[in-house]
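Enquirer: Quick one: this structure, given as structure tokens, is what I'll be asking you about.
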Amino acid sequence: GDFPIELDTLVIGSGPGGYVAAIRAAQLGQKVAVAERGEMGGVCLNVGCIPSKALINAGHRVEHAKHSDDMGIKADNVTVDFSKVQEWKSGIVKKLTTGVQGLLKGNKAEIIRGEAYFVNENTVRIMDEKSSQTYTFKNCIIATGSRPIEIPGFKWSDRVISSTGALALQEVPKKMVVIGGGYIGMELGTAFANFGTEITVLEGSKQILPGFEKQMSQVVSKRLKKKGNVEIFTEALAKGVEETKDGVTVTAEIKGETKTFEADYVLVTVGRRPNTEELGLEQVGIEMTERGLIKIDKQAQTSVKGIYAIGDIVEGPALAHKASYEGKIAAEAISGHPSEIDYLAIPAVVFTDPELATVGYDEKSAKEAGFDVKASKFPFAANGRALSMNETDGFMKLITRKEDGLLLGAQIAGGNASDMIAELGLAIEAGMTAEDIAMTIHAHPTFGEISMEAAEVALGSPIHIV
Ligand code: FAD
């Protein structure tokens, strides 16, 4: 029997949802603790966004070193010491996870190591191997995140790996089959392709990156095919895997035909499942969706008063910045601020070659929402900076309201899309029109000029295309 420790706010999980919520709640004067059963920083910092972007960037360096012949650059004997790449990547992860702990401490938010389990609607028990302690709280923010989905016939092993396994590989595989052409599979597949791995992608739907417009997905698939070591099969159903002495044989049904693929590894990236089952939520009676996600309102509050939920365990895109955004809203709401979630300008980025980025409405969703819209496109090939960077594939598309040019959304397929999308998110948040963007002076020569030019297309008078 222990005496419960009293808290204002308990946060469960220290990913980009949880640690941000804890810091903001502490800044607003709450007595806060964060429970974490695994590594500080959650999926994003340890086995998600950060390590994947590190490997992707290292892959780009290899690709650029090997393939800059059109610029007159030839490099022989480009070698990769992959364990050194991994060491560099781990160093970045370490720096950030240590940083998160420092930030929490600096804001006087306590870190509790252990697994949290609900006893009732204002009590949680937190356990590690050695001890167990009960905490009571006025408010709780659940931010327990998600884990990779295992599919029937593909049990995790040394050879059947998830994104976590792929990020930890100590050598560059000769061949890898990627099941699932969503953003995680395509990002990791591209990174390893750039390191020299032969990649076979098996995607169930009609295109890779099925969440994106066909024209955008095509920019990526064309570039992947150009690499020469990537094969993409769509409408492909992975059936099973057999482990051989030093690899795997994957069976798939592709457009009705059975095919087998030999590889060193099979990477399964078919989606993620919310960590909501082992939390004791049934003790509290929180309402869930059919998919096992927690239902929340505009303040991120669940059906139980005082219990909030954020990040991958609630509806919407499973992205780090969405988790952090919801975390800030929840912390502010708990502290009595009138904050409310507005998903309109949440960007989504895919770090493939080239990158994809979207924010706000696309043409279809804008029409469905009842807007009379105009779509205006500008190609990267007509931008001086893109030419000088050898990044001419792709386009930007702006979606504006016909009557007044109000910016409703933007889609970018092209180099630097990940950074360019920020300007358009800001423009949407600020209620700007195509004219506002076109009248903003953008430095020359930059990728940023593409926004200005696409806005000029919307106004009917672009300078650099006819
Ligand atoms: P998580 O980051 O999953 O953190 C949840 C934490 O809760 C974990 O640390 C877990 O140990 C802890 N926990 C769970 N249950 C308990 C319990 N009972 N008690 C105590 N602690 C518990 N998103 C982007 O925006 N950009 C990207 O580029 C990007 N790249 C990605 C690449 C990969 C390979 C993957 C897998 C994901 C990527 N994501 C990316 C998605 C991003 O990582 C997630 O959306 C984000 O981490 C979700 O944050 P979260 O706070 O909801 O949960």
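No lab work stands behind these numbers, since they all come straight from the coordinates. Model, not experiment: these values are computed from the prediction. Methodologically, a virtual Cβ is constructed for each residue, glycine included, from the backbone with ideal geometry; neighbour enumeration extends over all protein chains shown.
Enquirer: How large is Rg over Rh for the chain, taking Rg from the Cα atoms and Rh as the Kirkwood inverse mean of 1/r across Cα pairs?
Expert: Looking at the chain, the ratio lands at 0.99.
Enquirer: Relative contact order for the chain using alpha-carbon pairs under 8 Å, separation at least 6, rounded to a whole percent? Walk me through the numbers on the way to the answer.
Expert: On the way: 1019 pairs, mean separation 65.9, N = 466.
Over the chain, the number comes to 14 percent.
Enquirer: Only Lys, Arg, Asp and Glu count, each charged at its Cβ (+1, +1, -1, -1), so figure out the dipole size of region 1-48 about its Cα centre, rounded to 20 debye.
Expert: On the way: 3 positive and 5 negative charges, 35 e Å.
Charge dipole, region 1-48, about its Cα centre: 160 debye, nearest 20.
Enquirer: Taking 22 Å as R0, compute the FRET efficiency from the Cβ-Cβ separation of E257 and I149 and round it to 0.05.
Expert: Working: r = 26 Å, r/R0 = 1.17.
Working from the Cβ atoms, E equals 0.30.
Enquirer: Report the Cα centroid-to-centroid distance between region 149-209 and region 391-434 in angstrom, as an integer.
Expert: The distance from the Cα centre of region 149-209 to that of region 391-434 comes to 31 Å.
Enquirer: Please work out the Cα center distance from region 287-326 to region 116-147, rounded to the nearest Å.
Expert: Using only Cα atoms to place each centre, the spacing works out to 17 Å.
Enquirer: What number, rounded to the nearest 500 deg cm²/dmol, is the helix-based mean residue ellipticity at 222 nm of the chain, given -39500 (n - 2.57) per DSSP H run of at least four residues and division by all its residues? Don't jump to the answer; show the numbers that get you there.
Expert: Working: 13 runs with 147 residues, N = 466.
Value at 222 nm, helices only, nearest 500: -9500 deg cm²/dmol.
Enquirer: I would also like to ask the following. Got a sec? Charge dipole of the chain, +1 on Cβ for Lys and Arg, -1 for Asp and Glu; which of A348, I286, L45 is way out at the positive end?
Expert: L45
Enquirer: Still on this structure, I have one more. Antiparallel as a % of all DSSP beta bridges within the chain, to the nearest 5?
Expert: 60
Enquirer: Towards the positive end of the charge dipole of region 138-262, with charges on Cβ (+1 Lys, Arg; -1 Asp, Glu), say which of I149, I161, T234 has the farthest Cα.
Expert: Of the options given, the answer is T234.
Enquirer: With contacts defined as alpha carbon pairs under 8 Å and 6 or more residues apart, what's the relative contact order of region 47-141 in percent? List each step's numbers first, then the result.
Expert: Numbers: 64 pairs, mean separation 14.6, N = 95.
Result for region 47-141 is 15 percent.
Enquirer: Next question, about the same structure. Taking every pair of alpha-carbon atoms in region 19-150, what share in percent sits in each 10 Å bin, from 0 to the bin with the longest distance?
Expert: 10, 29, 27, 16, 10, 6, 2
Enquirer: For a quick check of your reading of the filter: which trypsin sites (Lys or Arg not before Pro) in region 375-466 sit in a DSSP loop and have no more than 12 other Cβ atoms within 10 Å?
Expert: Numbers: sites: K377, R385, K397, R401, K402; in loops: K402.
Passing both the DSSP loop test and the Cβ count: K402.
Enquirer: Report, as a whole number in µm² per second, the diffusion coefficient that Stokes-Einstein gives for region 281-342 at 37 °C and 0.692 mPa s using the Kirkwood radius over alpha carbon pairs.
Expert: D, rounded to a whole number, is 280 µm²/s.
Enquirer: Moving to a separate point now. Step through the residues of region 409-424 one at a time and calculate ³J(HN,Hα) from phi using the Karplus curve (6.51 cos²θ - 1.76 cosθ + 1.60, θ = phi - 60°), rounding each to whole Hz and writing x for Gly and Pro.
Expert: After applying 6.51 cos²θ - 1.76 cosθ + 1.60, I find x, 8, 10, 10, 10, x, x, 6, 3, 4, 8, 5, 5, 4, 4, 6 Hz.
Enquirer: Only sites in a loop by DSSP and with at most 13 other Cβ atoms within 10 Å count here; which trypsin sites (Lys or Arg not before Pro) in region 206-304 make the cut? Display every interim value, and only then the final one.
Expert: Values: sites: K206, K214, K222, R223, K225, K226, K227, K239, K245, K255, K259, R272, R291, K295, K298; in loops: K206, K245, K255, R291, K295, K298.
Sparse-neighbourhood loop trypsin sites (Lys or Arg not before Pro): K206, K245, K255, R291, K298.
Enquirer: Oh, and also: Which of T352, T190 comes first, and how do the rest follow, when ranked by fewest Cβ neighbours within 10 Å? Show your work: numbers first, answer last.
Expert: Values: T352 24, T190 27.
With the sparsest Cβ surroundings first, the list reads T352, T190.
Enquirer: Tell me the trypsin sites (Lys or Arg not before Pro) within region 43-135 that lie in a loop according to DSSP and have at most 12 other beta-carbon atoms within 10 Å.
Expert: Values: sites: K53, R61, K66, K74, K84, K89, K94, K95, K105, K108, R113, R125, K130; in loops: K74, K108, K130.
Those satisfying the criteria are K74, K108, K130.
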